[in-house]
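Nothing in this text is a laboratory measurement; each read-out follows from the coordinates by a stated rule. Being a predicted model, the structure only gives us computed values, none of them experimental. Using ideal geometry, Cβ is built from the backbone for each residue, glycine included, and neighbour counts are taken over all protein chains shown.
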Amino acid sequence: MKKNVLIPTLLLFAVFSIFSCNKRDTGQLPPGKGNLNLPPLDPALVQQGQQVFRFETFGDESFWTDVLHMNQVIESGVSPKTALAVGLKVDAAALPPAVVDAISKGQVDLDDPQTTLALLQLNAVVGIKGQVSQNQDGTLKLDRVGITCALCHSTVDNSFAPGIGNRLDAYPNRDLNPGLIISLSPALDATTKAIYASWGPGMYDPRFNHDGLSNPVVIPPAFGLYGLPKAIFTGDGDVQHEPAGPVAYWNRYVAVTQMHGHGYFADARLDNWVVDHRENDDLVTDKLPALQAYQYSISAPAAPAGSFDPSAAARGMVLFAGKAQCATCHSGPLFTDVIDGGKLHPQSASVALDKDYVKRSATKLWRVTPLKGIWQHPPYFHDGSAKTLADVVARYDQERGLKLSTSEKADLTEYLKSL
Ligand code: HEC
Ligand code: HEC
């Protein structure tokens, strides 16, 4: 892999350093306009990255199996119905035609955990990798289980049935209840279980096991990120802290500290947090360039035809850049001023209800969230405190005293739906 990754990595370096020392103020471009002139991604690297994103556990079975015993939890009590109810998704493309046929005819027992094991054997449960074998009596048993990035950052298009369809990688799985799933582990004490179980669908706290605080955030999309010099809500990820790139910074963070893959993470800004699961057993670092390239290859999905009113959206665009003052922060081609040399904002820049998450980050500042494809992933803000885009507009109107009329609010909402 090494040779293939070198050139794109160098190109990325070049791009990000151009961003950081470029005097031309890209943020002054009208929102959504302008060209970032990003170098093309290496298709072979992107292809490798897709495999990593979907199927790589980085050896995290040693946590999900040996520590949490999730294999026993699934084997003894997780039927396909239960799995779908906690937001897990099934990749219809991985199912052989005979299985699809049997499911359609109602001949498959969706209340039986054995069916879940059969699906795992087919590698059909999105984001979960299982090693399945047979007992003497022919029943299936789950020997090892681990998780991949796709667990939280992929969903399906429901083309076959609710929760069963074609993969939509990088779309956040806002049905998934990761906290509830983890809380089922017999290895946790009652207090810890209760905290995990309290987070709810689409939410996860990627800092709980570091600082002990519980304050989950929405699982964000992993699409539309190519060109941003900083990653995550608080802009912790950048090339200064991860040579492979901003998104790779956070991918390493999650792979090592949350998924418990074998590898290494350190950041002096987070109370010198160092996590080193296995000395000389780094299954993460060499996969980061491909993994990042795959995420960069996925652009934000366009708003479906007919999902917004074009003339109202056109009026809303004028408000966005004018009276509503949105473009002072959501500027430039990706609707964020972070492309101006990595600009971040103080705590007061967020109108979310939660005011505390930012303090737990490395930067203690906010990155202005890019808005392309925003129609796809309600609820909004890091704490999910705005259920709809209309709620977003109402919140800004109130918090910032914008004095938008009812029809102006409606127009601005239509514009947001169109991005
Ligand atoms: C248990 C759920 C979970 C898993 C598994 C997970 N993530 Fe995330 N991911 C999150 C959450 C929550 C955030 C938001 C953190 C923040 O911004 O503070 C996030 C943030 C991100 C972002 C930042 C997007 C942006 O706007 O800059 C990317 C990209 C990403 N994850 C990719 C990945 C990849 C790749 C993997 C596998 C190595 C992975 N995630 C595994 C929950 C998860
Ligand atoms: C002072 C800078 C600033 C201004 C002005 C601003 N925003 Fe934001 N915006 C942010 C920041 C920072 C976030 C992330 C806050 C969070 O998640 O807590 C954000 C988040 C959002 C989100 C949620 C994105 C997501 O994925 O959840 C939307 C939608 C949004 N802004 C739209 C607007 C609109 C519409 C306006 C004008 C009425 C506006 N913003 C004005 C800084 C700004």
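Among 194, 150, 124, the largest mean-square fluctuation in a Gaussian network model of the chain (Cα springs under 10 Å) belongs to 194. Give me log10 I(q)/I(0) at q = 0.09, 0.11, 0.22 Å⁻¹ for region 304-419, Debye formula, one equal scatterer per alpha-carbon, no solvent. For region 304-419 at q = 0.09, 0.11, 0.22 Å⁻¹, log10 I(q)/I(0) is -0.23, -0.35, -1.40.
Considering only DSSP beta bridges whose two residues both sit in the chain, what percent are antiparallel, to the nearest 5?
Details: 21 of 23 bridges.
So the antiparallel bridges in the chain amount to around 90 percent.
An oblate overall shape is assigned to region 61-218, the ratio a/c of its alpha-carbon gyration tensor axes (a ≥ b ≥ c) being 1.5 or greater and a/b not exceeding b/c. Under the rule that an exposed site lies in a DSSP loop and has at most 15 other Cβ atoms within 10 Å, name the longest stretch of the chain with no trypsin sites (Lys or Arg not before Pro) of that kind, not counting the sites themselves. Counting at most 15 other Cβ atoms within 10 Å as exposed, the longest clean stretch of the chain is 106-268.
Backbone geometry of region 72-82 corresponds, through the Karplus equation with coefficients 6.51, -1.76 and 1.60 at θ = phi - 60°, to 3J(HN,Hα) couplings of 5, 4, 5, 4, 8, x, 9, 6, x, 5, 4 Hz, x marking Gly and Pro. For the chain, just say rounded, prolate or oblate: build the C-alpha gyration tensor, square-root its eigenvalues into a ≥ b ≥ c, call rounded for a/c under 1.5, and beyond that prolate if a/b exceeds b/c, oblate if not. Cα axes put the chain in the prolate bin. For the chain, build the charge dipole from Cβ charges (+1 Lys, Arg; -1 Asp, Glu) around the Cα centre, then report which of 377, 416, 197 sits farthest towards its positive end. Sorting the options by dipole projection puts first 416.
With a 10 Å Cβ neighbour count serving as the proxy for reagent exposure, in which order, fewest first, do 345, 241 appear? Before the final figure, lay out the partial values.
On the way: 345 16, 241 19.
Ascending number of Cβ neighbours within 10 Å: 345, 241.
Sequentially through region 349-356, phi angles give Karplus couplings (6.51, -1.76, 1.60; θ = phi - 60°) of 6, 8, 9, 5, 6, 6, 10, 9 Hz, Gly and Pro residues having no value and appearing as x. Relative to the longest principal axis of the chain, what angle (0 to 90°, nearest 10) does the C-alpha long axis of helix 389-400 take? So the inclination is approximately 50 degrees. Converting phi to 3J(HN,Hα) with the Karplus coefficients 6.51, -1.76 and 1.60 and the offset θ = phi - 60°, region 135-149 yields 6, 4, 7, x, 6, 8, 9, 9, 6, 9, 9, x, 10, 10, 4 Hz in sequence order, with x at every glycine or proline. Once a ≥ b ≥ c are taken as the square roots of the eigenvalues of the Cα gyration tensor of region 36-123, is the result rounded (a/c under 1.5), prolate (a/b larger than b/c) or oblate (a/b not larger than b/c)? Cα axes put region 36-123 in the oblate bin. Reducing region 368-396 and region 46-73 to their Cα centroids gives an inter-centroid distance of 31 Å. Direction-averaged projected area, Cα convex hull, region 230-378: 10.6 nm², rounded to one decimal. Relative to its Kirkwood radius, the Cα radius of gyration of region 292-355 gives an Rg/Rh of 1.03.
The amide H of residue 140, built 1.01 Å from its N in the peptide plane, has 135 as neighbours under 5 Å, considering only residues 5 or more places off or on other chains. Beyond 23 Å in Cα-Cα separation lie the following of the pairs 33/372; 355/387; 323/372; 89/230; 193/359; 230/364: 89/230; 193/359.
Per-residue ellipticity at 222 nm from helix content only, as computed over the chain with -39500 (n - 2.57) for each DSSP H run of at least four residues, stands at -9500 deg cm²/dmol. If you take the Cα centroid of region 178-214 and the Cα centroid of region 278-346, the two points sit 29 Å apart.
Fully extending the segment from residue 143 to residue 66, taken as 0.36 nm per residue of separation minus the present Cα-Cα distance, adds 26.7 nm.
Only four residue types carry charge here, +1 at the Cβ of Lys and Arg and -1 at the Cβ of Asp and Glu. Report the dipole size of region 61-218 about the Cα centre in Debye, rounded to the nearest 20. Intermediate results must be reported in sequence, preceding the final value.
Working: 10 positive and 16 negative charges, 46 e Å.
It comes to approximately 220 debye.
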